[in-house]
Structure formats: structure tokens, C-alpha cells
1. For V194 and R281, what does the FRET efficiency come to when R0 = 30 Å and r is the distance between their Cβ atoms, rounded to the nearest 0.05?
2. Name all residues of the stretch 79-121 having a backbone nitrogen under 20 Å from the label point set 7 Å from the Cα of R20 along its Cα→Cβ direction, giving them as ranges.
3. In whole Hz, what ³J(HN,Hα) sequence does the stretch 231-240 give by Karplus (6.51, -1.76, 1.60; θ = phi - 60°), x for Gly and Pro?
4. Sort by residue number and name the cysteines in the chain that have no neighbouring cysteine Cβ under 4.7 Å.
5. Starting at the first residue of the stretch 158-165, write each ³J(HN,Hα) from the Karplus equation 6.51 cos²θ - 1.76 cosθ + 1.60 with θ = phi - 60°, in whole Hz, x for Gly and Pro.
6. What is the calculated FRET efficiency for F164 to F71, with r their C-beta to C-beta distance and R₀ = 25 Å, to the nearest 0.05?
7. Rounded to the nearest 500, what is the 222 nm mean residue ellipticity of the chain from helices alone, with -39500 (n - 2.57) per DSSP H run of 4+ residues and division by all residues?
8. Can you list residues from other chains, or at least 5 along the same chain, whose modelled amide H is less than 5 Å from the amide H of T296?
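Here, each number is a calculation from the coordinates, and none is a lab measurement. If you're wondering where the values come from, they're calculated on a predicted model, not measured in any experiment. Cβ placement follows ideal geometry from the backbone for every residue including glycine, while neighbour counts extend to all protein chains displayed.
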Amino acid sequence: MAIPIVMTAVFWAIAVLLWRLTGYVFYLVNFGYIGLSVGGGMTLYTLLPRRKKLWGRRIAQLLIGAYMLGFLGFFARENMQLEGFFHFLLAGFYAGAVIHYAVAKLFGPLFFGRGWCAWGCWTAMVLDLLPYKRNPAGRLPGRWGWLRYLHFGLSLGLVLVLWFGFRYEVRTNDLRSLYWLLVGNVLYYASSIVLAFVLKDNRAFCKYLCPIPTLQKVLSRFALLKVAGDREKCTQCGACSKACPMDVQVHEYVAQGRRVLSTECIFCFECQNACAKGTLRTTFRLDGGMTEFIKTREPDAR
């Protein structure tokens, strides 16, 4: 129960700090709600039997994703997409989108890595319900992962062209922000679902096309919270790596006596749940490294 308690406490600390600094009660409600959702989901994951643990994470995804997309997006009309973040930064308008990106995708990864992708993403909350968990053959060979950087560049370029070329600005509670959100999410959901079925991999969009990891990967390599294993107890059965939805070869890190340093780890606990020996655990300390053990398909694999 230590991890759920710590995660809840972190979000409530952010909530109270922002509330006290600004006097805006929204921050108390917003980050307090997210903290309770994450902590509650992790608590369920901890307490439920092994075959049902996944529902703890799915409930957290649903609570957070529906709130951010439904309430903040459609009701408050704030563009929570990447382009909204860029727009608000250029305007010097530190709305919810900017604070969300700062906590979940820029500086938060130094603490909890890419945990947002597993516990709060409103795109992944749908993808994780699709019939494919992961393709056992691994990731596509080559540089398909660079598409996420192209996506990031195109999003930033579009905003810069509109801003400097056409003096186009977007504010909160603006109908244009709602249009951005609608179009962006239609494109995200359509492309991610198509990729999932074509590649037989629910998280194909996350691996190849999502632009958000370009921000998260900067500090997540040095995340304080990471998975580690006991090399002496590990039998190298590979069950942890087979369970990883992001194709991280967890057992390779354990064999070297290292924590899971991959920036593709989304801190979903699936590897820990799959380990019959209880070898894996969540650890808290500072380290880092550039080692990436990712399962990749053979060139002729489908």
C-alpha cells in the first residue's frame, strides 16, 4: 500500500500548494480528484486477486480520462491536446492544460516516469479495452518510433504558423478550443484504433505515433520510481517481458542487476503481476542510464 499512499500524497501536496499560491480552489479540487483517482485505482490493483488487478488501473484511467476529456475539455472548453499546450504557452496564459502538461508530462516523469500513459490517458483508456494486449512478435523493425517526433514537430509547426502567420489565438472557455479538442481526439482515436487492429497491438499508437512521449522521455529515464528485480530469485522465465504492453524486456534488466531504465516503461505493474516468484517490486531511488531492451520483430514477422 506504500505506492498508492505516496502517489495520493504527491497529488494532494500539489493541489494544496497551487491553491495556497493562487487562492484558486479549482487546483485543490482538480489535483485532489486526480490524486484520489490514482490512489484509489492503485489500491484496487493492490487488493484485487491477480486475474482482476487490471481493473484497478482501468477504473483510474476512466475516472481521470473522463474528467479531463469530458469536464475540462467539453464542458470547460479547454483544449487539453498538445496544440492547446503550445497555444497557451505562447500566450503566456497558464491555464489547466499548461499545468497538466507540466505535472504529467514534463516534470512529473522525474518522479513517476510515464505513469500517466498507464493510469490517466484518455486515449489509452479506450485502447486497453480492445482485443489485443500486445503483439508477441514485438515492435516493428526500423525507425517507426520516429513518427512520434514527426507528429510532435507537425503539431508545433501548425501552432507556430497560425500564431505568427495569422495572429491566431485560443483561450480557455472558447468555442475554438472545443473544435481543436474534437478534431484532435477524432484523429487520435481513429488512428490508434486502426493501428491496434492492423498491427494486432493495443498500444501501437503509443509506440509509433503518439507525440506525448517526446516530452515524457526526457526526465523519465531518471525517474525515482522504477521497477526492480531480485537477480538471485529470478528464474529468467520471461513472463514479465511477455506481459509488458510496451515490449520492454524486463528480465534483461533483472539479469544485469539493474532497475528497468527503459523510457518505454509506462509503470503499469503488468510485469510485477505476471511474475509468479514475486521477484519484481517498485523501488524508489535516483539512477539513470541509456540502456534500452525492447523486443523487436523479425523483418518478415507480421
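1. Numbers: r = 37 Å, r/R0 = 1.24.
The calculated FRET efficiency here is 0.20.
2. 103
3. The phi angles translate into 4, 6, 8, 5, 9, 6, 6, x, 4, 5 Hz.
4. Those would be C117, C121, C206, C210, C234, C237, C244, C265, C268, C275, since no other cysteine Cβ in the chain comes under 4.7 Å of theirs.
5. With coefficients 6.51, -1.76 and 1.60, one gets 4, 5, 5, 5, 5, 5, 8, x Hz.
6. E(calc), rounded to 0.05, equals 0.20.
7. Using -39500 (n - 2.57) per qualifying helix, the result is -15000 deg cm²/dmol.
8. Long-range HN contacts for T296: R139.
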